[in-house]
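First comes the structure, then the notes that go with it.
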Amino acid sequence: MASAEGETLNFNVGVLGHIDSGKTSLAKALSTTSSTAAFDKNPQSRERGITLDLGFSSFTVPVPEHLTHTGYCRLQFTLVDCPGHASLIRTIIGGAQIIDLMMLVIDVTKGMQTQSAECLVIGQIACNKMVVILNKIDLLPENKRQAAIERMTKKMQKTLESTKFHGSPIISVAAKPGGPEAPESATAQGISELIELLKSQAYLPRRDPSGPFLMAVDHCFSIKGQGTVMTGTVLSGSVSLNDNVEIPALKVTKKVKSMQMFHRPVNGAMQGDRLGICVTQFDPKLLERGLVCTPESLHTIHAAIISVNKIQYFKGSLNTKAKFHITVGHETVMGKVMFFSLPPHLNPEESTDGFDFSKEYSYQDSYLTKESTNSEQDKVDGQHGCDLLPKQQWALLEFEKPVTCPKLCLVIGSKLDTDIHSNTCRLAFHGVLLVGVEDKNYAETFLPKLKVFKMKHKEGQVERVNDDYSVIGRSLFKKETNIQLFVGLKVKLSSGEDGAIEGSFGQSGKFKIRIPNGLKPETKQILNSSSKKKSKAKKEDGDNQKEEEARSDGQVVLITLGFKRYVFDPQKKMTQS
């Protein structure tokens with residue numbers, strides 16, 4: 001079902017790289033059939049000489065030998081020319097989910113630059129295969145060219161060593177010898193070798209026609225007498241003639257009147273295909289970029305729970321309550337994060353496609369990494385913190401304005417306001433959207449279902465013995481605290497006894513603790529001797545009381561109260577396991 005005859009296999013190749021590395025020239029040199037959205041059709045991008053949008057173009061070759069068993073006889077490479085300008089990174093992220101192979105274009109005279117590194121990061125998240133293109137070899141002096149190419153190849157191999165693309169093929173070309181000013185007739189170098197390399201790297205991508213239809217539209221225009229054509233790439237599901245499709249951003253549903261793939265009429269298309277859909281009575285000015293889908297299959301959400309992973313090149317910390325640019329589907333909005341995980345003794349079953357509301361989760365001030373857990377644990381007891389590192393971490397995202405997106409889509413958090421010349425990776429974390437919250441009043445309706453707790457610890461000390469089964473405590477609460485709320489909570493004495501808070505004692509924040517199994521004789525001895533010392537000190541000199549207490553502080557019996565408080569519990573109840 002990949003085309004009219006079912007004989008052409010479509011294979012999407014993302015062309016990524018730093019601005020001015022020559023991506024568009026490379027796509028031009030490779031392509032024979034341009035689609036409507038190819039090669040900087042945007043007037044703004046023509047003026048500035050940079051690609052502002054995802055450009056699509058294609059070329060077709062006979063199916064390579066290793067794919068003849070698939071039944072296809074032609075292989076169509078669709079080149080997705082992603083913008084390299086740093087502020088347009090959200091466009092790349094939007095296109096990343098449809099890419100089967102990535103071409104990372106590097107200017108051989110400059111090597112890796114900020115955006116090439118960010119493209120590499122996106123590739124690692126969204127793609128499994130890569131080819132590195134060293135472009136502009138015509139700019140190297142001929143007598144030193146080979147040595148310079150070998151040097152840069154070694155450098156790139158080293159860069160890729162720590163990524164999933166280690167061992168990726170590296171090839172050198174000159175997509176447009178002589179640069180932008182050179183005549184169109186200038187012959188590109190190394191292109192036929194590159195096509196052979198791409199053929200050898202092609203595979204049968206996993207395409208799934210099931211599930212709701214979703215297409216990323218990158219261009220919309222009208223054809224006189226026929227209607228409005230929306231061109232794009234099918235991200236999921238499939239579509240047939242006469243199906244109804246929805247444009248969710250406009251809340252409009254239209255019937256599919258006709259379809260084309262690269263100028264050929266087709267009856268159906270599925271995930272991964274490049275497609276033009278023709279509908280009637282729709283003004284193309286209303287939609288330049290966006291999504292088209294099975295009616296009511298997308299949801300507009302105000303908050304989300306995602307599984308989350310930090311991007312290793314991001315230098316900052318990921319703190320709860322911090323704001324990030326969140327890219328979900330084809331939209332980027334500001335959002336606030338809160339990180340959480342299962343308590344250390346519980347490890348999640350390996351599953352990323354659902355979220356379990358029946359479990360209790362532990363609140364985190366920030367995303368936990370090896371470094372952060374090591375330093376925390378060293379403070380505690382000098383052990384290594386790797387045991388403390390949760391196997392999986394989640395984040396609650398709260399958006400400043402609602403976003404429309406498919407279920408289980410890729411989510412990327414970035415700090416796009418960082419200076420683009422600062423040479424640091426601005427992509428901070430990535431994840432998969434597990435739960436989208438459509439209710440605007442989610443703080444009242446949804447959040448209380450999310451059982452995220454903070455552990456609270458309070459410490460006070462025993463003032464004196466009351467009787468064999470109770471003591472009076474102090475310094476656990478402020479004077480104005482309503483101790484009634486804490487009645488019944490269990491406490492532990494540093495001398496080993498377990499007790500429970502029975503109620504307040506007097507007006508100054510003191511309280512009574514019941515010790516069901518009774519005080520140990522040695523505890524009574526410590527307490528009685530320290531209260532004797534205190535009263536003696538009081539008699540001798542009121543000012544000496546603190547000094548005396550400090551001297552006998554080996555003899556103080558501490559009270560520890562530990563309880564859980566659920567972050568989203570409207571009653572702010574305290575519970576103890």
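How many residues does region 397-415 hold that are in contact with a Leu (Cβ under 9 Å, 6 or more places away or on another chain) and surrounded by fewer than 23 Cβ atoms within 10 Å (Cβ to Cβ)? Talk me through it step by step, then tell me what you get.
Going through region 397-415, the residues in contact with a Leu (Cβ under 9 Å, 6 or more places away or on another chain) turn out to be 397, 404-415.
Next, only the ones that are surrounded by fewer than 23 Cβ atoms within 10 Å (Cβ to Cβ) stay: 404, 407-410, 415.
Counting residues in region 397-415 that are in contact with a Leu (Cβ under 9 Å, 6 or more places away or on another chain) and surrounded by fewer than 23 Cβ atoms within 10 Å (Cβ to Cβ) gives 6.
Which of the residues belonging to region 120-174 are over 24 Å from Phe314 (Cα atoms) and among the basic types (Lys, Arg)? The answer is Lys136, Lys144, Arg145, Arg151, Lys154. Looking across region 471-503, just one residue is hydroxyl-bearing (Ser, Thr, Tyr), within 20 Å of Pro521 (Cβ to Cβ) and open to solvent by 50 Å² or more (accessible area, probe 1.4 Å), and that is Ser494. Condition first: surrounded by fewer than 21 Cβ atoms within 10 Å (Cβ to Cβ), modelled with pLDDT of 90 or more and closer than 23 Å to Met270 by Cβ. Can you find one or more residues in region 215-227 that meet it? There is at least one residue in region 215-227 that is surrounded by fewer than 21 Cβ atoms within 10 Å (Cβ to Cβ), modelled with pLDDT of 90 or more and closer than 23 Å to Met270 by Cβ. Count of region 232-260 residues, restricted to those that are under 21 Å from Thr8 (Cβ atoms) and either of a type in the set (Asp, Glu) or open to solvent by less than 10 Å² (accessible area, probe 1.4 Å) (or both), is 7.
Take the residues of region 101-130 that are over 25 Å from the mean Cα position of the chain (by Cα), over 12 Å from Thr159 (Cβ atoms) and of a type in the set (Val, Ile, Thr): which is most open to solvent (accessible area, probe 1.4 Å)?
Thr109
Checking Leu30, Leu16, Leu54, Leu67 one by one, the residue that is touching a strand residue (DSSP E or B) at 6+ places or on another chain (Cβ under 8 Å), closer than 23 Å to Arg207 by Cβ and modelled with pLDDT under 75 is Leu54 and no other. For region 261-284, the criterion of being open to solvent by 40 Å² or more (accessible area, probe 1.4 Å), in a loop (DSSP other than H, G, I, E, B) and among the basic types (Lys, Arg) is met by none of the residues. Within the option set Thr424, Thr404, being assigned to a loop (DSSP other than H, G, I, E, B) and more than 12 Å from the chain's Cα centre (by Cα) holds for one residue only, Thr424. Within region 71-87, one or more residues are hydroxyl-bearing (Ser, Thr, Tyr), crowded, with 24+ Cβ neighbours inside 10 Å and at pLDDT 80 or above. Scanning region 291-338 for residues that are at pLDDT below 90, part of a strand (DSSP E or B) and surrounded by 22 or more Cβ atoms within 10 Å (Cβ to Cβ) turns up Leu291, Thr327, Val328. Scanning region 131-147 for residues that are open to solvent by 20 Å² or more (accessible area, probe 1.4 Å) and part of a helix (DSSP H, G or I) yields Asp138, Leu139, Glu142, Asn143, Lys144, Arg145, Gln146, Ala147.
The set of residues from region 358-387 being assigned to a helix (DSSP H, G or I), surrounded by 17 or more Cβ atoms within 10 Å (Cβ to Cβ) and modelled with pLDDT of 70 or more comprises just one member, Ser372.
When we screen Lys520, Lys532, Lys510 for residues that are closer than 25 Å to Asp467 by Cβ, at pLDDT 65 or above and under 54 Å from the mean Cα position of the chain (by Cα), the only hit is Lys510.
Of all residues in region 121-141, those that are on the phi < 0 side of the Ramachandran plot have Cβ atoms under 7 Å from Cβ atoms of residues that are acidic (Asp, Glu) and surrounded by fewer than 24 Cβ atoms within 10 Å (Cβ to Cβ), 6 or more apart or on another chain, in Asn135/Asp107. Within the bounds of region 394-407, is there any residue that is within 23 Å of Cys119 (Cβ to Cβ) and not small (Gly, Ala, Ser)? Yes, that holds for at least one residue.
The values are calculated or read from the model by the stated rules, or taken from the named source; none is laboratory data. What you are looking at is a predicted structure, and each value in this text was computed from that prediction instead of being measured. Counting neighbours? That spans all protein chains shown, and the Cβs are built from the backbone with ideal geometry, glycine included. Note: areas computed on protein heavy atoms with side chains; ligands, DNA, RNA excluded. Shrake-Rupley method; radii C 1.70, N 1.55, O 1.52, S 1.80 Å.
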